């Protein structure tokens, strides 16, 4: 009898320990370089996650985060890869910010990379990209001057062959910046989204002196723009991340990255393609947030410099689940996990 009681106690403690390990955000021992800041992440399948950052760094796990492989892309060791899209464990695309701008692709799991796009011109700065499927994708950049009028248009390129080639969108698909201080934040690669809307092909959100969302029309359809009533007005404010159901619901998050603890007007959503906007009635996200992802129909997760928050009611009420700071988070739906990455080589995981 004593042995049975002892066994039962040990088993209960074991289960409690397992539950404790999976409660909240856990920091992973990945072996990532501590001097690297991560902002790009892509979940290819339930086991495969790719991460990108500065110093030409790219990482990958193929066993759901148990082990990681890290590399610095040859001849691009000084570049900052702010976004990454992974098709599977072998094929991925990375985007480097700055001028010249580069987009690279690998077909051998990251062992070697080749250039699929490069552009050297004044004001060039790529910010984010998104893919609809294995062939169609879009990449956006800060406004560039076009012609002699002095007007600045958001730079947009598109691929229809899995990123092998990229073509600049025609001018009528490149919205003009509304003010001199309007730009796009390269914070987590999540302020652009391909859509399944009958009228619009993709949408992206801006920040700075004004924060707008732009819906880019399909062939024969017009573009549409709407101002987001989020915190804006100076260069450090606005929308940093966009999440959507691909149809009518659009969630915008951000704030002021110089005030990471401020909750002032940092989250808004629209259920009618930007006609009307709502904000939380109960509790907003707990500070500036650089990334927002949808877990399921009503559940969302957001991360920023001072922590990680979750909402289970469509964004009306947010709960803080970690004080650990991260720049980007992505959902592995089948495994019910969220991977997170940030500064100083930090990688985390959250079981929901």
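Read the figures in this text as sums done on the coordinates, not as results from a lab. No experiment lies behind these values; they were computed from the predicted model shown. Note that each Cβ is placed from the backbone with ideal geometry, even for glycine, and that neighbours are counted across all protein chains shown.
Structure summary
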{"read-out": "Förster-model FRET efficiency, 41 Å R0, residue 272 and residue 63, C-beta, rounded to 0.05", "value": "0.45"}
{"read-out": "Among 255, 56, 40, residue whose mean-square fluctuation peaks in a GNM of the chain (springs only between Cα atoms under 10 Å)", "value": "56"}
{"read-out": "Centroid-to-centroid separation of segment 191-211 and segment 270-307 [C-alpha atoms, Å]", "value": "16 Å"}
{"read-out": "Ranked by how many other beta carbons lie within 10 Å on average, peptides 157-164, 64-71 from highest", "value": "157-164, 64-71"}
{"read-out": "Simple spin-label estimate for residue 88 and residue 334 in nanometres, 7 Å along Cα-Cβ", "value": "1.3 nm"}
{"read-out": "Extension gain (nm, one decimal) between residue 223 and residue 351, 0.36 nm per residue minus Cα-Cα", "value": "42.2 nm"}
{"read-out": "Nearest-ten-degree value, helix 2-21 long axis tilted from longest Cα axis of the chain", "value": "10 degrees"}
{"read-out": "Mean Cβ count within 10 Å, highest first, over the residues of peptides 125-131, 200-206", "value": "200-206, 125-131"}
{"read-out": "Pairwise label distance in nanometres, residue 320 with residue 72, each label 7 Å out on the Cα-Cβ vector", "value": "3.6 nm"}
{"read-out": "Computed over segment 151-201: relative contact order in percent, which uses C-alpha pairs under 8 Å that are six or more apart", "value": "28 percent"}
{"read-out": "Gyration tensor verdict on segment 133-289 (Cα atoms; rounded if a/c is under 1.5, prolate if a/b is larger than b/c, oblate otherwise)", "value": "prolate"}
{"read-out": "Cα-based shape type of segment 231-352, given that a ≥ b ≥ c are square roots of the gyration tensor eigenvalues and the cut on a/c is 1.5", "value": "oblate"}
{"read-out": "Euclidean distance of C-alpha centroids, segment 29-77 and segment 136-150, integer Å", "value": "29 Å"}
{"read-out": "Among (1) 18.5, 53; (2) 20.6, 90; (3) 20.6, 66, the entry derived from the coordinates for Rg and Dmax of the Cα atoms in Å", "value": "(2)"}
{"read-out": "The chain: calculated mean residue ellipticity at 222 nm from DSSP helix runs of at least 4, using -39500 (n - 2.57)", "value": "-2000 deg cm²/dmol"}
{"read-out": "Cα→Cβ-extended label distance, 7 Å offset, between residue 196 and residue 299, nm", "value": "2.0 nm"}
{"read-out": "Relative contact order %, the chain, counting alpha carbon pairs below 8 Å whose residues are six or more apart", "value": "13 percent"}
